[in-house]
Amino acid sequence: MDASEQARRLSELYDEVLGGGRVPGAPRPLVAASWERSLAAAVDPELNAPPMIVDPDTVEAIRENHPLRAVLPVLRQTLTTIADEASHIMIITDAQGTILWREGSSEVKRQADRIALSEGAVWSEEQIGTNGMGTSLAVGGPVQIHSAEHLVRRIHEWTCAAAPVHDPDTGKLIGAVDVSGPLRTVHPAMVALVTAAAQLAEGQLRVRMAAADEMLRARNMRHLMALGDAPGALLTPTGRVLAVQPLEWLPDRLVVPDGADRIDLGDGREALIEQLDEGYLLRMPGTPVRRSRPSVRLKLLGAGQPIAVVAGREIALTLRRAEVLALLLLHPSGLTAEQLMLQLYGDEGNPTTVRAEMHRLRNLLGGGVLDTKPYRIIADVTGDITDVQTALRSGDLGAALDVYNGPLLARSDAPALRAERDELDATLRRAALDADDHDVLWRFAQTPTGAEDLEIFESLDAGLPADDPRRPAVAARLDRLLD
């Protein structure tokens, strides 16, 4: 049966079923159940468009923090080209059915606008009745909805296939991937395609989760180690167990209520729970906690004041002190006074000047932070520069851009730091250009480094869709850079 004949029969079935008539056959069980849910939610089959439209600022805020933002490149690579060639559009929603991204054929997008199949519209079953995205979210599995299987009559000229995407950490539904197009473009392989795309997206999210886990372990293992040989565990913010030391039994995940200081382990035992900057430390009652090393966070990126946060206390740094700490952060095994001198001043430096500066810096930061012979940071130290480097090495460009807010100590002329600064900026820039992702390029373009980069804005100008609201800003910046 061709698409037109199938649509005609579905339309007859639709009119008879919703008109209360007697008709041979019935809608597919999936569709019948969806119609029942939609009608129970008071969806009008004669509705013109989704009654709920989210304003552009809210959509942008949702997109900025949505986990599917990080996997847009793999979804585009899997779906957009095929959708464009087949006169379809690719759509990505959140768990509530709000359309966050829509890409594909310009002509199909214009047709979609007539039924509010566009960014900001909410296509849940409760809002617009049976449809690919909303029904996929409702049943938690892949679906294809064709022609008059849609509850709302105005959508009968469309066909769509969608699959849900789940968070690999919590298992919760976070959105749906959909391919929609005019009725004549129906293709039976679309369900398999969106299902594969959703699985790829979940795989990418799993890789990102593993990288985030490794970073969390590196930053917080000191808290677990402070228990000595006593039993304990390190948990993620969602309660997933990341690291354990002698504990008879522990599930893979624990429910940690907000503000709780004790939790039931499910076998009659009770454990103490301490909230960390990232995640939780679990320990058994009566466990002595060893005095841990102080924590230090170095903020060295961007044009602002360099800052050291020592055990929660913010300390403003002069440029020279920030340079010293940056070099020690980047060389965790330590540097001698002579090595520091060469990296700070070149051949014209004086080791005595370095030793005097280190003495003042040790007094400023307090005990337990710096050591001598060689000079090194002995506190538990993290820094924005090393976070960006770690994210880039793991291929997590989104995480790198989350932290990067400008060059490393932009005012520094220290030879070694100039080289580190140039290498970091070049690596991040190349990764942004190679990502084939307009959103990533746009994010890099908002940094002090990307804001003056002609090639970045030329790439945005060449790649952004004609109706993208960022195009005027890109054109204005291009004009200024080309003057």
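The values are calculated or read from the model by the stated rules, or taken from the named source; none is laboratory data. In this text the structure is predicted, and so the values were computed from the model without any measurement. Note that each Cβ is placed from the backbone with ideal geometry, even for glycine, and that neighbours are counted across all protein chains shown. When the accessible area is computed, the model is the full protein with side chains, heavy atoms only, and any ligands, DNA or RNA have been set aside. Shrake-Rupley method; radii C 1.70, N 1.55, O 1.52, S 1.80 Å.
Put simply, of PRO168, PRO251, PRO164, PRO237 the only residue that is of a type outside the set (S, T, N, Q), modelled with pLDDT of 85 or more, outside any helix (DSSP H, G or I) and more than 27 Å from ARG76 (Cβ to Cβ) is PRO237.
The single condition among (1) assigned to a loop (DSSP other than H, G, I, E, B); (2) acidic (Asp, Glu); (3) free of Cβ contacts under 8 Å to residues at least 40 places away in the same chain that ASP277 does not meet is (3). For the range 348-379, a residue qualifies if it is under 13 Å from ALA414 (Cβ atoms) and free of Cβ contacts under 8 Å to residues at least 12 places away in the same chain, and the qualifying residues are GLU348, GLY349. What number of residues in the range 223-234 are surrounded by fewer than 18 Cβ atoms within 10 Å (Cβ to Cβ) and not in a loop (DSSP other than H, G, I, E, B)? Of the residues in that region, 1 qualify. Restricting attention to the range 137-146 and to residues that are of a type in the set (A, V, I, L, M) and within 28 Å of the chain's Cα centre (by Cα), the residue that is surrounded by the most Cβ atoms within 10 Å (Cβ to Cβ) turns out to be VAL143.
To keep it simple, each residue is scored yes or no on (1) more than 19 Å from PRO469 (Cβ to Cβ); (2) open to solvent by less than 10 Å² (accessible area, probe 1.4 Å); (3) not in a helix (DSSP H, G or I).
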{"residue": "GLU46", "(1), (2), (3)": "yes, no, yes"}
{"residue": "ASP57", "(1), (2), (3)": "no, no, no"}
{"residue": "PRO73", "(1), (2), (3)": "yes, no, no"}
{"residue": "ILE91", "(1), (2), (3)": "no, yes, yes"}
{"residue": "GLN96", "(1), (2), (3)": "yes, no, yes"}
{"residue": "ILE99", "(1), (2), (3)": "no, yes, yes"}
{"residue": "ARG102", "(1), (2), (3)": "no, no, yes"}
{"residue": "LYS109", "(1), (2), (3)": "no, no, no"}
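Of the residues making up the range 299-319, one or more are over 30 Å from ALA212 (Cα atoms) and without any contact (Cβ under 8 Å) to a residue 60 or more places away in the chain.
Here is the figure for the range 111-157: residues that are aliphatic (A, V, I, L, M), part of a helix (DSSP H, G or I) and within 21 Å of VAL59 (Cα to Cα) total 4. Taking the criterion of being surrounded by fewer than 20 Cβ atoms within 10 Å (Cβ to Cβ) and either in contact with a Ser or Thr (Cβ under 7 Å, 6 or more places away or on another chain) or in a loop (DSSP other than H, G, I, E, B) (or both), the residues of the range 443-458 that qualify are GLN446, PRO448.
Among the residues of the range 332-355, those identified as open to solvent by 40 Å² or more (accessible area, probe 1.4 Å) and out of contact with any strand residue (DSSP E or B) (no Cβ under 8 Å at 6 or more places or on another chain) are GLU338, GLN339, LEU342, TYR345, ASP347, GLU348, ASN350, THR352, THR353, ARG355. Of the residues making up the range 147-176, those that are open to solvent by less than 30 Å² (accessible area, probe 1.4 Å), free of Cβ contacts under 8 Å to residues at least 60 places away in the same chain and more than 32 Å from the chain's Cα centre (by Cα) number 2. Quick one: count up the residues across the range 407-424 that are surrounded by fewer than 19 Cβ atoms within 10 Å (Cβ to Cβ) and touching a residue at least 40 places away in the same chain (Cβ under 8 Å). Counting residues in the range 407-424 that are surrounded by fewer than 19 Cβ atoms within 10 Å (Cβ to Cβ) and touching a residue at least 40 places away in the same chain (Cβ under 8 Å) gives 3.
Among the residues of the range 424-476, the ones that are touching an Asp or Glu at 6+ places or on another chain (Cβ under 9 Å), among the charged types (D, E, K, R) and more than 19 Å from SER394 (Cβ to Cβ) come to 1 in all. Of the residues making up the range 357-376, those that are closer than 22 Å to LEU300 by Cα and open to solvent by 20 Å² or more (accessible area, probe 1.4 Å) are GLU357, HIS359, ARG360, ARG362, ASN363, LEU364, GLY366, GLY367, GLY368, ASP371, TYR375, ARG376.
Evaluate the following for LEU13: is it modelled with pLDDT of 80 or more, over 30 Å from the mean Cα position of the chain (by Cα) and either assigned to a helix (DSSP H, G or I) or charged (D, E, K, R) (or both)? No: the conditions fail for LEU13.
Can you find a residue in the range 225-236 that is among the hydrophobic types (A, V, I, L, M, F, W, C) and within 21 Å of ILE385 (Cβ to Cβ)? For the range 225-236, residues among the hydrophobic types (A, V, I, L, M, F, W, C) and within 21 Å of ILE385 (Cβ to Cβ): absent.
Suppose we keep only residues that are outside any helix (DSSP H, G or I) and either free of Cβ contacts under 8 Å to residues at least 60 places away in the same chain or of a type in the set (A, V, I, L, M) (or both) within the range 459-483. Which one would you say is surrounded by the most Cβ atoms within 10 Å (Cβ to Cβ)? Looking at the filtered set, the residue picked out is LEU464. Among the residues of the range 182-197, the ones that are crowded, with 23+ Cβ neighbours inside 10 Å and modelled with pLDDT of 90 or more come to 2 in all.
Checking each residue in the range 233-254 for being in contact with a helix residue (DSSP H, G or I) (Cβ under 9 Å, 6 or more places away or on another chain) and farther than 18 Å from GLY268 by Cβ picks out LEU234, THR236, PRO237, ARG240, LEU242, ALA243, VAL244, GLN245. From the list VAL309, VAL296, VAL256, exactly one residue is closer than 30 Å to ARG355 by Cα and open to solvent by 20 Å² or more (accessible area, probe 1.4 Å). Which is it? Answer to the selection: VAL309.
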